1. Scanning region 19-50 for residues that are among the charged types (D, E, K, R) and modelled with pLDDT of 90 or more, which turns out farthest from Ser66 (Cα to Cα)?
2. Picking from Phe133, Phe53, which residue would you name as being at pLDDT 85 or above and among the aromatic types (Phe, Trp, Tyr)?
3. If you take the residues in region 101-137 that are within 24 Å of Ala33 (Cβ to Cβ) and free of Cβ contacts under 8 Å to residues at least 12 places away in the same chain, which one is nearest to the chain's Cα centre (by Cα)?
4. When region 63-100 is examined, which residues are found to be more than 14 Å from the chain's Cα centre (by Cα), part of a helix (DSSP H, G or I) and within 19 Å of Val120 (Cα to Cα)?
5. Take Glu48 and tell me if it is touching a strand residue (DSSP E or B) at 6+ places or on another chain (Cβ under 8 Å), surrounded by fewer than 17 Cβ atoms within 10 Å (Cβ to Cβ) and part of a helix (DSSP H, G or I).
6. Scan region 81-100 for residues that are surrounded by 15 or more Cβ atoms within 10 Å (Cβ to Cβ), over 17 Å from Leu16 (Cβ atoms) and in contact (Cβ under 8 Å) with a residue 24 or more places away in the chain and jot them down.
7. Is it fair to say Arg63 is at negative phi, surrounded by fewer than 18 Cβ atoms within 10 Å (Cβ to Cβ), among the charged types (D, E, K, R) and out of contact with any strand residue (DSSP E or B) (no Cβ under 6 Å at 6 or more places or on another chain)?
8. Mind telling me which of the residues Ile93, Ile130 ends up being more than 24 Å from Gln4 (Cα to Cα), of a type in the set (Val, Ile, Thr) and out of contact with any helix residue (DSSP H, G or I) (no Cβ under 9 Å at 6 or more places or on another chain)?
Amino acid sequence: MSNQVLLWSMLILPWLTLFFMPKENIKRWMPIALFSALTSVLAVELGENLGWFIYGETAYPLRTPSYIIFGLNIVITMWLFNFLYGRFWRYIIIDTVLNFGFIYLFHVYFLGSRGLFHEVGITPLQNALIVTFDGVLAYGYQMWQEGIFARSEIKSASYSSNLQPAATKPLPEDQDNEKSE
């Protein structure tokens, strides 16, 4: 398999897994996925400019390692939050294990052997710790983002469907819509 086919498949195929995620959950987790992509782009730019790593080839005609950021990163973030949000320590443990596996097995061994990625001024351990910090930052962002939602009065079996925009909060019972004279 050519490197270009591999890179483009890593960009497109993860998105196909979202057919198995409920539509409401996709809408709920997309902001955190985009935040994660933004912070990853910043980390990649920083790493390339500081000479920490070199990407040997990108998905033509794109210049960034978009196959990781806009494919794997966004979709895996959505799946992680879908299953683990609300369980911080479980999220941290699983995210850390996935990050170390991704950096050591995928980046260093698989992509490195194909000439697609090389760590130059950073160790795989440092890289994995940076990516794990990014996961903690993303979790904090999602906690902050939850503040824009208000719990619905109606109880639901689905965690995400009982959230509403804060503007739909009911008024307190002692407050009336009309001003009293």
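1. My answer is Glu24.
2. On the way: Phe53 fails: at pLDDT 85 or above.
That would be Phe133, the only listed residue that is at pLDDT 85 or above and among the aromatic types (Phe, Trp, Tyr).
3. This residue is Phe133.
4. Phe100
5. On the way: touching a strand residue (DSSP E or B) at 6+ places or on another chain (Cβ under 8 Å): yes; surrounded by fewer than 17 Cβ atoms within 10 Å (Cβ to Cβ): yes; part of a helix (DSSP H, G or I): yes.
Yes, satisfied.
6. Phe81, Tyr85, Tyr91, Ile92, Asp95, Thr96, Asn99, Phe100
7. Yes: the conditions hold for Arg63.
8. It is Ile93.
The values are calculated or read from the model by the stated rules, or taken from the named source; none is laboratory data. Just so it is clear, the model here is predicted, and its values are computed rather than measured. Note: ideal-geometry Cβ built from the backbone for every residue, glycine included; neighbour counts use all protein chains shown.
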